[in-house]
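**Q** Just dropping this structure here.
The values are calculated or read from the model by the stated rules, or taken from the named source; none is laboratory data. Just so it is clear, the model here is predicted, and its values are computed rather than measured. Note: ideal-geometry Cβ built from the backbone for every residue, glycine included; neighbour counts use all protein chains shown. Keep in mind that these areas ignore ligands, DNA and RNA; they rest on the heavy atoms of the full protein, side chains included. Shrake-Rupley method; radii C 1.70, N 1.55, O 1.52, S 1.80 Å.
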Amino acid sequence: MIELLLVFALAIGLGWPLGHYLARVMRGDPTPLDRVFGPIERGVYRLLGIDARRGMSWKGYASAFLLSNLALGVVVWILFMTQAWLPLNPDGAPNMSWDLALHTMVSFLTNTNQQHYSGQAQLSYLSQMVGIAGLQVITPMMGLAIVVATLRGLFGGREQMAGGTAATPTDEARGERDVGNYWVDVLRATLRFFLPLALLWSVLLASQGVPATLAEGPTYTPLDQSVEMRSQHVPLGPVAPMVAVKQLGTNGGGWYGPNSAVPLENPTPLSNLLETLAIILIPVAITFMVGPLTGRRKLTALVFGCMALMSVVSTGAALWSEAYSPTAQDAALMEGKETRFGASNSALWATLTTQTSNGSVDSMHDSLAPLTGAVTITNMLVNAVWGGVGCGLQQFLVYLLLAAFLSGLMTGRTPELFGRKIEAGEVRLLALLILLQPLIVIGFTALTVALPAFTGNSNPGFHGISQVLYEYASAFANNGSGFEGLGDGTPWWNLTCVVALFFGRYAALIVPLWIAGLMAKKRVAPTSSGTLDVETPTFALTLVSVVVILTILQFMPALVLGPVGEHLALTTAGAAIP
Amino acid sequence: MDTSQLAFDDRPSLRAALVFTVFVLLGCGLLYELAGTALGRVLFPHQAQGTLIERDGRVVGSTLVAQPFADARYFQPRPSAAGYDPMAVAGSNQARSNPALRQSMAERRSIVAQREGLPESAVPGDLLTASGSGIDPDLSPAAAAVQVARVAKARGMSVDAVQALLRANTTPPQFGLLGEPRVNVLELNLALDAAATRPE
């Protein structure tokens with residue numbers, strides 16, 4: 001319980017200054033730190049061959065984002081498929097099969113970190129340190145860049161949003177607005193914000209016992225000579241820096257298979273607190289960035305208020321279900337959990353890692369109480385409780401546009417947001433985006449459950465359905481955690497998850513940017529007494545209701561067939577709980 | 001310079017994408033990893049190398065890795081779904097509704113009850129369940145307490161002496177606040193061995 005309060009207090013206390021700093025970084029304000037970072041940035045710009053002063057239209061921004069992803073993706077895919085022939089492979093990891101390499105690459109490129117392989121055995125040190133770690137650092141900053149560009153678009157372009165009264169620079173031929181420079185946004189956020197924070201976290205984690213070494217781990221004889229095991233080998237490695245970025249960047253893919261449940265990856269209650277805090281720190285900081293970045297402080301209140309409300313409800317539900325409800329009396333409570341964390345810390349982590357799109361775990365989600373499982377799946381379906389770095393706010397903007405549209409219709413006025421009309425073109429795109437999720441998540445779940453040869457679930461009954469639903473919800477939400485008993489290292493799972501990962505990332509990031517690009521070009525209607533004020537508690541509740549109703553309408557039947565059914569079966573059977 | 005004077009830079013640049021890829025893989029990946037590793041090793045050399053325990057200059061284990069124990073003279077750790085192999089760390093991933101989980105719990109219950117001379121209902125939950133990692137090095141104080149009598153008998157020590165060692169090796173919540181109280185099984189067993197060789 002005390003950890004819960006500490007995590008939220010620290011996330012808000014540290015997120016506030018970090019968010020304001022982040023706003024300055026993304027606005028490009030001059031700071032004393034320019035003397036350190038300026039020369040590095042200018043050097044990289046020169047190598048990239050770009051002019052940092054030039055902006056981009058939303059189309060230019062989106063294509064730079066896609067092109068950078070394509071180039072990174074191809075190189076990393078090839079790296080995974082040829083790692084056996086490359087240096088830094090002490091454990092002799094073999095080349096990955098094309099489909100597993102494709103899934104792994106897409107999974108890390110989309111900030112998901114769903115793992116259909118087992119870390120130590122199937123990836124070389126080179127793949128881990130170059131491919132995995134590189135993507136874990138850069139993908140959250142790509143998400144951040146896209147959402148900042150989207151905000152600029154919604155406010156009519158970069159200059160307009162900064163409060164400038166000067167005419168917004170336009171590309172005269174097409175009337176497009178400047179949403180920023182993709183390369184500059186990503187590089188500044190990475191160098192000035194993410195890498196220093198990650199280094200700090202890496203050192204803090206190393207102090208608690210997370211390995212940070214390139215040397216091989218020790219092999220020794222167990223103390224008790226009467227056991228069958230003759231020797232134990234402890235795998236070490238440069239674990240601490242990777243764990244730092246996996247926690248901070250809503251990545252989630254760990255060094256060891258069972259992630260932060262492993263004592264080497266999460267040795268003490270303090271490291272657990274630091275890692276839990278890191279899960280929500282940047283997503284919370286981003287809500288505090290919104291106000292100073294857009295010049296509308298009350299917008300932060302709306303975003304933070306809605307997200308915090310959903311977070312408190314979800315956290316309360318998970319804690320109650322796992323640690324305080326009657327099912328917490330089950331003797332199986334500690335299955336998949338670690339002694340040093342206990343039930344409430346495990347439940348706190350499970351809910352926060354799915355409220356954000358982190359996906360790391362410190363207990364095995366497969367063995368959680370069924371209703372805790374339902375909470376985690378619901379979190380991932382909403383995907384904007386805090387959401388991933390950047391993508392969470394992006395998804396929130398989708399809900400914001402929808403809620404503004406509905407409110408406009410209900411009050412009988414032309415729907416608008418920040419003075420710009422929401423019209424048929426934008427709503428069509430919104431509808432497409434909303435429909436993609438059930439189409440992919442429910443569609444693939446139904447197909448996979450109907451084909452037992454492909455399913456690969458390790459538990460019978462309702463929970464077998466939960467395992468499949470969880471996997472696709474996690475893939476589409478770019479979360480990456482799983483009910484890990486699933487036998488998911490097959491071409492069927494790899495390829496279907498690639499589809500879910502792909503749309504869950506690129507459609508969810510680019511469609512709102514597209515909408516913002518359309519909105520940016522519209523004339524601003526003057527504020528009047530009839531203008532919908534979005535920064536009010538009433539509107540916040542409307543927005544949260546839209547989220548709840550959408551999720552329930554789309555996914556309630558699936559949740560009943562999975563975790564809810566399992567819960568009812570367990571509690572009514574009675575005999576199952578000794 | 002006034003940015004409005006500059007045209008948009010909308011043409012996709014392959015050069016930028018390729019140089020960016022190199023920056024990500026070598027800068028954000030390799031360089032960052034090396035920097036983080038170096039900092040950890042220099043500032044916290046013991047922790048950075050696996051928190052190893054040495055006796056007479058020989059590595060005998062790590063505080064962060066459970067070892068299997070079978071001898072009656074030793075406290076026994078929680079069940080492991082990974083056979084206590086740190087190279088194969090894993091949980092069971094069995095759901096609470098899974099009959100296989102209920103069956104292995106029932107088997108463990110009768111084994112532990114018989115071994116420690118307890119009624120079956122008194123076996124603590126963490127001795128019935130596999131940990132998340134398969135190498136959980138800790139026991140709850142309750143799960144250690146039920147083993148005291150058996151260990152004392154097998155070693156010919158007094159129950160009080162074993163109890164005292166158990167108390168000395170019980171870690172309270174960190175700073176009195178964080179996490180659960182726990183007993184590191186390997187450290188406790190090493191302390192027992194040390195007490196046995198020390199002249200009274």
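**Q** To the nearest 20 Debye, how big is the dipole of region B:52-197 about its Cα centre, given +1 on the beta carbon of each Lys and Arg and -1 on that of each Asp and Glu? Mind showing how you got there, number by number?
**A** Details: 14 positive and 14 negative charges, 63 e Å.
Its charge dipole is roughly 300 debye.
**Q** With only Lys, Arg, Asp and Glu charged, each at its Cβ (+1 for the first two, -1 for the last two), find how big the charge dipole of the protein assembly as shown is about the Cα centre; round to the nearest 20 debye.
**A** Values: 47 positive and 52 negative charges, 341 e Å.
Dipole about the Cα centre, nearest 20: 1640 debye.
**Q** Still on this structure, please answer the following. Working from Cα positions, state the angle (0 to 90°, nearest 10) between the long axis of helix B:99-116 and the longest principal axis of chain B.
**A** Value to nearest ten degrees: 40.
**Q** Right, here's the next one. Largest first and to the nearest Å, give the Cα extent of chain A along each principal axis.
**A** 81, 58, 45
**Q** Cα gyration tensor of region A:489-578, axes a ≥ b ≥ c as square roots of the eigenvalues: rounded (a/c below 1.5), prolate (a/b > b/c) or oblate?
**A** Oblate is the answer for region A:489-578, as a/c is 1.5 or above yet b/c matches or exceeds a/b.
**Q** Divide by every residue of chain B the summed helix terms, -39500 (n - 2.57) for each DSSP H run of at least 4, and state the resulting mean residue ellipticity at 222 nm, rounded to the nearest 500 deg cm²/dmol.
**A** On the way: 8 runs with 79 residues, N = 200.
Calculated at 222 nm, the ellipticity per residue is -11500 deg cm²/dmol.
**Q** Using DSSP to define loop residues, name the trypsin sites (Lys or Arg not before Pro) in region A:352-426 whose beta-carbon has at most 14 other beta-carbon atoms within 10 Å. Provide the component values of the computation, followed by the final result.
**A** Details: sites: A:Arg413, A:Arg420, A:Lys421; in loops: A:Arg413.
Answer in residue order: A:Arg413.
**Q** Measure of size requested: the Rg and Dmax of region A:245-380, with Cα atoms as the atom set and Å as the unit; please supply both.
**A** Cα radius of gyration and Dmax of region A:245-380 are 15.6, 53 Å respectively.
**Q** Between A:Leu435 and A:Val560, what is the FRET efficiency for a Förster distance of 25 Å, r being their Cβ-Cβ separation, to the nearest 0.05? Let's see the in-between values first.
**A** Numbers: r = 21 Å, r/R0 = 0.85.
Efficiency, rounded to the nearest 0.05: 0.75.
**Q** Suppose R0 equals 35 Å; then what is the FRET efficiency for B:Arg58 and B:Ala100 from their Cβ-Cβ distance, rounded to the nearest 0.05? Let's see the in-between values first.
**A** Working: r = 40 Å, r/R0 = 1.14.
That gives a FRET efficiency of 0.30.
**Q** For region A:26-132, what are the per-bin percents of Cα-Cα distances with bins 5 Å wide, up to the bin holding the maximum?
**A** Taking all Cα pairs of region A:26-132, the binned fractions are 2, 10, 16, 17, 12, 12, 12, 11, 6, 1 percent.
**Q** Something else now. Counting only residues 5 or more places away or on other chains, whose amide H sits under 5 Å from the amide H of B:Arg182 once H atoms are built in the peptide plane?
**A** The list, which skips near neighbours in sequence, is B:Thr171.
**Q** Using the Cα centre of region B:52-197 as origin and beta-carbon charges of +1 (Lys, Arg) and -1 (Asp, Glu), tell me which of B:Pro99, B:Ala145, B:Gly132 is placed farthest towards the positive end of the dipole.
**A** B:Pro99
**Q** Moving on to the next point. With a probe of 1.4 Å, find how much accessible area chain A has per residue, and write the answer as a whole number in Å².
**A** Numbers: 18370 Å² over 578 residues.
About 32 Å² of surface per residue is accessible.
**Q** Run the numbers for A:Arg53 and A:Met1: contour at 0.36 nm per residue of separation, minus the present Cα-Cα distance, in nm. Let's see the in-between values first.
**A** Values: separation 52, 0.36 × 52 = 18.72 nm, distance 4.91 nm.
Additional length available on full extension: 13.8 nm.
**Q** Which whole number gives the average count of other chain Cβ atoms within 10 Å of the Cβ atoms across peptide A:455-467?
**A** Details: counts 0, 0, 1, 6, 9, 5, 4, 2, 5, 3, 0, 2, 2.
Partner Cβ neighbours, averaged per residue: 3.
**Q** Let me ask something else. I'd like the carbon and sulfur percentage of the solvent accessible area for the protein assembly as shown, probe radius 1.4 Å, heavy atoms only, ligands and nucleic acids excluded. Mind showing how you got there, number by number?
**A** Values: 17870 of 27260 Å².
Its accessible area is 66 percent carbon and sulfur atoms.
**Q** Right, something else. On a 0 to 90° scale, report how tilted helix B:159-168 is relative to the longest principal axis of chain B, with both axes built from alpha carbons and the result rounded to the nearest 10.
**A** Helix B:159-168 sits at roughly 20 degrees to that axis.
**Q** Calculate the radius of gyration of the Cα atoms of region B:1-114 to one decimal place, then report Dmax, the largest Cα-Cα distance, as a whole number, both in Å.
**A** Answer for region B:1-114, Rg first and Dmax second: 26.5, 85 Å.
**Q** With solvent modelled as a 1.4 Å probe, how much accessible area in total do chains A and B shield from it at their shared surface, in Å² to the nearest 100? Intermediate values should be presented prior to the final figure.
**A** Details: alone 22650 and 13390 Å², together 27260 Å².
Its buried surface, counting both partners, is about 8800 Å².
**Q** Hey, can you find the accessible area per residue of chain B for me, probe 1.4 Å, expressed in square angstrom? Numbers along the way, then the final one.
**A** Details: 8890 Å² over 200 residues.
Using a 1.4 Å probe on heavy atoms only, each residue of chain B averages 44 Å².
**Q** Computed over the Cα atoms of region A:315-400, what is the convex hull's projected area averaged over all directions, in nm²?
**A** Values: hull surface 21.4 nm².
Computing the convex hull of the Cα atoms and averaging its projections yields 5.3 nm².
**Q** Ok, one more. Take each uninterrupted DSSP H stretch in chain A, measure its Cα extent along the helix axis, and return the ones at 24 Å or beyond whose mean Kyte-Doolittle hydropathy is at least -1.0.
**A** Details: long enough: A:2-27 (37 Å, 1.28); A:58-82 (36 Å, 1.42); A:133-154 (33 Å, 1.54); A:269-294 (38 Å, 1.63); A:297-319 (32 Å, 1.39); A:391-410 (28 Å, 1.73); A:424-450 (38 Å, 1.90); A:537-559 (31 Å, 2.01).
Helices meeting the criterion: A:2-27, A:58-82, A:133-154, A:269-294, A:297-319, A:391-410, A:424-450, A:537-559.
**Q** With bins 5 Å wide starting at 0, give me the P(r) of chain B over every alpha carbon pair, in whole percents.
**A** Distribution as computed: 1, 6, 10, 13, 14, 13, 9, 7, 5, 5, 4, 3, 3, 2, 2, 1, 1, 0 percent.
**Q** Further question: All other residues with a Cβ under 12 Å from the Cβ of B:Ser110 taken together, and with Lys, Arg as +1 and Asp, Glu as -1, what is their net charge?
**A** On the way: positive: B:Arg108, B:Arg109, B:Arg115; negative: B:Glu107, B:Glu116, B:Glu120.
Result for the local shell: 0.
**Q** Lys and Arg at +1, Asp and Glu at -1: add these up for the other residues within a Cβ distance under 13 Å of A:Asp224 and post the number. Intermediate results must be reported in sequence, preceding the final value.
**A** Working: positive: A:Arg230, B:Arg73; negative: A:Glu228, B:Asp71, B:Asp193.
Spelling it out: positives minus negatives among the neighbours equals -1.
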